[in-house]
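K.L.:
One structure follows; several queries about it will come next.
All of the numbers you see were taken from the coordinates with simple rules; none came from a lab. Since this is a predicted model, take the numbers as computed values, not measurements. All Cβ positions, glycine included, derive from the backbone under ideal geometry; neighbour counts span all protein chains shown.
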Amino acid sequence: MPTGPLIETLVLQPTPFCNIACTYCYLPHRNDRATMSMDTLRTTFERVFASGWAAPAMTVIWHAGEPLVLPPAYYREAFDLIERLRPAGLRLRHAVQTNGMLIDAAWCGLFKEYDVGVGVSLDGPRALHDTHRLTRSGRGTFDRTMAGIRLLREHGVDFHVITVLSKDSLDDPASLVDFYLSEGIDQVCFNVEESEGDHRSSLFDQSDLRRRFSRFLDGFWRTARQRGGFRFIREIDAMLPRILRPAEAVMANEQVVPFGMLNVACNGDVSSFSPELLGLKNAAYGDFIIGNVHRDTLAAMHESAVMRRMAQDVAQGVEECRRTCEYFSVCGGGAPVNKLSENGGFTSGRTRFCELTLMVPTDLILDALERLDPLVDPARAAPSATDWRAPCHDAAA
Amino acid sequence: MSSTRFTLRALAALLPLGAMGVSAALAAAPEPPAAAEADPAARTGVAERLQAIREAVSEVTAEQANLEPGDPNILKAWWGNGGWRNGGWRNGGWGNGGWHNWGNGWPNWHNFWRNW
């Protein structure tokens, strides 16, 4: 087992710039058109690979801003450069999270050629999407995002969508199921509009939010699996292996492990833990920057005063979670950025974000397991007791 | 019969269905009566239930793979290591546990940073 850090996810900011202005955006520098140079990129990967801390399988997430405001040629040059530096035996996959508006045939070709993972931000049907995902002049972006999604489908590019749920989206999960199916979207992830950075969520202060989200997710899960056609519902399907795992499986949470996630800004500044910290400022930790790839080795960044202080406080927060939270075994210590935004510090425990992203899915799965138990007891089986198997065949088809 | 035995029986039936099958089967569980909806903040015993499930998954996986309890190969035989885009198990550990800006599942994908 390696004794040093293990970098499993590298989040790169090719540019802070975004071509739209969503109402719930937490990114502070989305008007900044700076670009990560190839020199910064080369230095970043030379540092990472030279450290010996890269995980055997590493994900590189290009997450801006809007990463596709840079042209396909930029990424082709970047991917080829990284490939030349990649140590033999290290598996590496690129991924982008995009608003989809700039996708064209050239992008689809690049995604396929380099097997890039693609996530598209889509908040549902037009009325929901265009409430928050707006151009800088205030116009809706639904049509252009859907045009991008349809191109991905035409070109056979695998993708998922991330849907931010706001107060208007939570009451009608069946309509979202219908919409995704009608557009051939079969891998979905939900984020509830949250408070991060300068953005204060309109939902987080609602006292019944946990119950509302639970009803939404339960309704979506049931309807989607009944209808079939969905390959992946992240909130449930990513939680299942955390819950239904053997006692031998070790729980780890990259987001609370120093260098588990390494985040690099376009100028080479580096942070760790939650990627959202890059760009924020705080009295206790300054700008969360632990070094710059042009100046510092990863070892020096790892031992920097800011990193040590953050690591100590994050670890204290994990211990608080371990000590006080019933759900610790499926979480591993929460998300530092949410602890900071909601509770004021890394050393804290439970957040509203935890309730929604971890506790609600866990509760739904545990409740479903309990209700299913009698149906698989042959001695108590009713005539319809095997009905629960039916959707499996449909879903697996 | 203890809840652990219930869980064992349910898991023995569920786990061979694979990840999507488990998701579909659980989604088809009977809905609770509306009046039975628990106060989410009042839940207790969650940690114990989760621990019981993990012990049961170990037992069921060992049995279905013809392994002795405690065999280190139980982890390899477990359905979560079967290649489904399950959200990040690899090398015996769980993914990043919570980044919500990314969302999918190469074995080193879907790392639960939730903005991807």
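K.L.:
For A:K281, give me every one of the lysines with a C-alpha distance below 21 angstrom, ignoring sequence neighbours fewer than eight places off in its own chain.
P.N.:
A:K339
K.L.:
To the nearest whole number, what is the average tally of beta carbon atoms from other chains within 10 Å of the beta carbons of peptide A:253-263?
P.N.:
The per-residue average across the peptide is 4.
K.L.:
What length, rounded to one decimal in nm, is gained on full extension from A:L90 through to A:R76, with 0.36 nm per residue of separation minus their alpha-carbon distance?
P.N.:
My answer for the length gained is 3.1 nm.
K.L.:
Right, something else. What average count of beta carbons from other chains do you get within 10 Å of the Cβ of residues in A:161-169? Could you put the intermediate results ahead of the total?
P.N.:
Values: counts 2, 8, 1, 1, 0, 0, 0, 0, 0.
Per residue, the average neighbour count from other chains is 1.
K.L.:
Still on this structure, I have one more. Give me the orientation-averaged projected area of the Cα convex hull of the range A:298-353, in nm², one decimal.
P.N.:
4.1
K.L.:
How large is the dipole of chain A about the Cα centre if only Lys and Arg carry +1 and Asp and Glu carry -1, each at its Cβ, rounded to the nearest 20 debye?
P.N.:
I would put it at about 240 debye.
K.L.:
To the nearest 0.05, what FRET efficiency results for A:R323 and A:T23 with a Förster distance of 30 Å applied to their C-beta separation? The partial results should precede the final answer.
P.N.:
On the way: r = 37 Å, r/R0 = 1.25.
Plugging the Cβ-Cβ distance into 1/(1 + (r/R0)^6) gives 0.20.
K.L.:
Next question. Assuming a viscosity of 1.306 mPa s and a temperature of 10 °C, what translational diffusion coefficient in µm² per second does Stokes-Einstein assign to the range A:162-237, Rh being the Kirkwood radius over Cα pairs?
P.N.:
Estimated diffusion coefficient is 123 µm²/s.
K.L.:
Now for a different question. Return the tail of the calculated pair distribution for the range A:182-316, meaning the percent of Cα-Cα pairs more than 22 Å apart.
P.N.:
58
K.L.:
What number, rounded to the nearest 500 deg cm²/dmol, is the helix-based mean residue ellipticity at 222 nm of chain A, given -39500 (n - 2.57) per DSSP H run of at least four residues and division by all its residues?
P.N.:
Calculated from helices alone, the mean residue ellipticity at 222 nm is -10500 deg cm²/dmol.
K.L.:
Please arrange B:T61, A:T223 by how many other C-beta atoms lie within 10 Å of their C-beta, fewest to most.
P.N.:
Fewest-to-most Cβ neighbours within 10 Å comes out as A:T223, B:T61.
K.L.:
Work out from phi, with θ = phi - 60° and the Karplus expression 6.51 cos²θ - 1.76 cosθ + 1.60, the ³J(HN,Hα) of each residue of the range A:60-66, listed in order in whole Hz, and give x for Gly and Pro.
P.N.:
10, 9, 8, 9, 9, x, 10
K.L.:
Taking 25 Å as R0, compute the FRET efficiency from the Cβ-Cβ separation of A:A105 and A:Q226 and round it to 0.05.
P.N.:
Using R0 = 25 Å, I get an efficiency of 0.10.
K.L.:
For A:K112, give me every one of the aspartates and glutamates with a C-alpha distance below 17 angstrom, ignoring sequence neighbours fewer than eight places off in its own chain.
P.N.:
Filter leaves A:E77, A:D80, A:E83, A:D104, A:E154, A:D158.
K.L.:
When every alpha-carbon pair in the range A:1-116 is counted, what percent end up more than 22 Å apart?
P.N.:
36
K.L.:
Expressed as a fraction of 2.2 N^0.38 Å, the rule-of-thumb size for a compact globular protein of N residues, what is the C-alpha radius of gyration of the range A:76-205?
P.N.:
Taking N as the residue count of the range A:76-205, the ratio is 1.20.
K.L.:
With a point put 7 Å past each Cα toward its Cβ, work out how far B:R43 is from A:M38 in nm, to one decimal.
P.N.:
5.1
K.L.:
While we're here: With the Cα gyration tensor of the range A:108-173 in hand, convert its eigenvalues to equivalent ellipsoid semi-axes via √(5λ) and list them largest first in whole Å.
P.N.:
Numbers: eigenvalues 122, 38, 18 Å².
The answer is 25, 14, 9 Å, longest axis first.
K.L.:
Taking the convex hull of the alpha carbon atoms in chain A, what volume per residue do you get, in Å³? Intermediate results must be reported in sequence, preceding the final value.
P.N.:
On the way: hull volume 62.5 nm³, N = 397.
Each residue corresponds to 157 Å³ of Cα convex hull volume.
K.L.:
Take chain A, connect every pair of alpha-carbon atoms lying under 10 Å apart with a spring to form a Gaussian network, then pick out the residue of A:A247, A:A73, A:A34 with the largest mean-square fluctuation.
P.N.:
Comparing A:A247, A:A73, A:A34 in a Gaussian network model of chain A, the most mobile one is A:A247.
K.L.:
With unit charges on the beta carbons (Lys and Arg positive, Asp and Glu negative) and the dipole taken about the Cα centre of the range A:43-117, which residue among A:L70, A:I103, A:G52 sits farthest to the positive side?
P.N.:
It is A:G52, whose Cα lies furthest towards the positive end.
K.L.:
Let me ask something additional. First measure r as the distance between the Cβ atoms of A:A50 and A:Y114, then evaluate 1/(1 + (r/R0)^6) with R0 = 35 Å and state the FRET efficiency to the nearest 0.05.
P.N.:
The computed FRET efficiency comes out at 0.90.
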